[in-house]
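Shown next, in structure tokens, is the structure this report addresses.
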Amino acid sequence: MENTKLLEAQLIFSVISNPKWTDEFLSLEKEDFYFYPHLFTLIQKLHEEGKHIDYGLIYSLDKSIKEVVEVVVSEDNFGLTIIPNKKIFEERIETLKELSLKRKIEQESINELDLEILKQKLEEYHKKGSARWLTGEDIRNLAYEILQNKKQSTTIYHLGILDKATGGIEKGQYIIVAGRPSVGKSAFLQYVGLENAKKGKKVLFVSVEMSEEMITSRILKTYKPHEIPLTFNILNASSIPTIEAEISKKARDFDLILVDYIQLLQPRKKIIKDLYERVTEVSGEIKKMATKFNLPFICASQFSRRAENTQPSLADLKESGALEQDADVVISLWKEKGDAELLEDKTTAKIRVDLLKNRNGWTFSNMDGKEYSVIFKKDEFRFYEVENIT
């Protein structure tokens with residue numbers, strides 16, 4: 001890991017010495033840095049604000065930059081290129097990406113589906129007439145190959161707390177993100193959608209409540225115009241038939257569907273006055289669409305009023321027990337009393353996360369001294385792991 005530390009330090013030192021290389025540097029992500037993710041985030045923030053990147057400014061905001069310089073110029077690293085040319089700098093960026101991917105892969109586990117893929121690959125070896133032994137190194141390389149492909153193709157939440165428990169977002173899943181009003185459900189769906197679109201996933205954000213202008217203004221708080229992922233699409237629709245018709249036209253063009261939110265949708269049967277029956281009908285139709293198109297649907301939903309200022313449970317899903325029955329995954333977002341008072345930055349909110357239902361994995365909730373939470377930066381419309389906030 002010391003080599004990784006030196007590599008990270010060299011890249012940060014290089015971009016401070018050559019600010020014109022900032023765009024190339026920012027092709028990396030915070031998750032690529034094991035030792036200095038906070039400094040990457042700081043440089044990214046300064047760049048977005050249009051500020052000149054230099055040592056003095058960064059030192060005034062985060063004195064740990066001093067350690068970076070000490071690592072780069074230490075006697076142990078004497079003779080290494082401190083300020084490289086552009087080609088070496090770009091090669092170091094690619095090396096860090098590879099190391100980051102390998103680190104993420106090593107933290108993964110092989111499941112039954114992966115073993116089926118492994119079985120197919122071994123059959124391919126046999127068909128080629130290979131009679132040599134399969135060494136431990138061969139097996140490790142096969143596992144890396146499988147997990148690397150899985151890592152690059154999987155649609156995920158981009159929040160470790162959820163990705164670890166669920167293994168990511170699977171095709172055909174019906175996922176509910178529930179919470180009381182103003183807890184951040186719409187922002188959460190937007191964050192998941194944009195993060196996946198950044199990775200090249202084709203995303204459709206269906207909004208019943210917000211206009212295209214409102215959603216666009218939120219996106220522009222997160223990205224500059226030239227940074228907006230081109231695979232993020234917006235659809236304003238208020239009925240199941242409209243949504244299904246639009247998806248039918250381009251079903252193969254999508255990897256993820258987001259719906260904000262369930263209680264406002266109109267079912268196929270238009271004359272249903274009772275809210276309980278209407279939501280039950282809508283929930284069943286979304287479940288059918290997820291199966292029909294083999295696409296994951298993540299839908300925002302409200303908890304009932306009795307969940308106000310308390311920790312919600314599955315019983316608090318508003319208006320219909322069908323939501324709990326139909327969903328494959330139920331994620332609860334809520335706020336603990338007193339959390340807001342502990343945060344000096346009022347543009348920041350601490351959101352508790354409970355995984356109330358997960359058909360294909362384990363669940364978790366905030367109880368018995370265990371805390372599962374994320375930070376919502378209101379001015380950026382981004383979510384962060386609590387431990388990664390600077």
Select, from VAL177, VAL206, VAL192, the only residue that is modelled with pLDDT of 85 or more and over 16 Å from the mean Cα position of the chain (by Cα). VAL206
Counting only residues in the range 30-51 that are free of Cβ contacts under 8 Å to residues at least 24 places away in the same chain and surrounded by 16 or more Cβ atoms within 10 Å (Cβ to Cβ), the one farthest from the chain's Cα centre (by Cα) is identified as LEU46
Scope the range 366-389; condition of a type outside the set (Phe, Trp, Tyr) and in contact with a Leu (Cβ under 7 Å, 6 or more places away or on another chain); matching residues: VAL374, GLU385
Regarding the range 162-169, can at least one residue be identified that is under 22 Å from ILE234 (Cα atoms) and either out of contact with any Ser or Thr (no Cβ under 9 Å at 6 or more places or on another chain) or at pLDDT 80 or above (or both)? yes
For the range 172-181, which residues satisfy the criterion of being in contact with a strand residue (DSSP E or B) (Cβ under 8 Å, 6 or more places away or on another chain) and in a loop (DSSP other than H, G, I, E, B)? GLN173, ARG180, PRO181
For the subset of the range 257-270 comprising residues that are under 14 Å from PRO241 (Cβ atoms) and open to solvent by 20 Å² or more (accessible area, probe 1.4 Å), which member is modelled with the lowest pLDDT? LYS270
Tell me, which residue of the range 19-45 that is part of a helix (DSSP H, G or I) and acidic (Asp, Glu) is modelled with the lowest pLDDT? GLU31
Just one of ILE234, ILE219 is under 16 Å from GLN190 (Cα atoms), open to solvent by 20 Å² or more (accessible area, probe 1.4 Å), aliphatic (A, V, I, L, M) and at pLDDT 85 or above; which is it? ILE234
Within the range 339-358, is even one residue modelled with pLDDT of 90 or more and part of a loop (DSSP other than H, G, I, E, B)? no
Taking only pairs six or more apart or across chains, which ones have beta-carbon atoms under 9 Å, a first residue in the range 59-75 that is basic (Lys, Arg), and a second residue that is not in a loop (DSSP other than H, G, I, E, B)? LYS66/TYR59
May I ask you to list the residues in the range 315-339 that are surrounded by fewer than 18 Cβ atoms within 10 Å (Cβ to Cβ) and closer than 29 Å to THR291 by Cα? ALA315, GLY321, GLN325
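The values are calculated or read from the model by the stated rules, or taken from the named source; none is laboratory data. A quick note: this is a predicted structure, and the numbers were derived from the prediction, not measured. Neighbour counts are summed over all protein chains in view; Cβ atoms, including those assigned to glycine, are modelled from backbone coordinates with ideal geometry. Areas reflect the complete protein model, heavy atoms only, side chains present, ligands, DNA and RNA absent. Shrake-Rupley method; radii C 1.70, N 1.55, O 1.52, S 1.80 Å.
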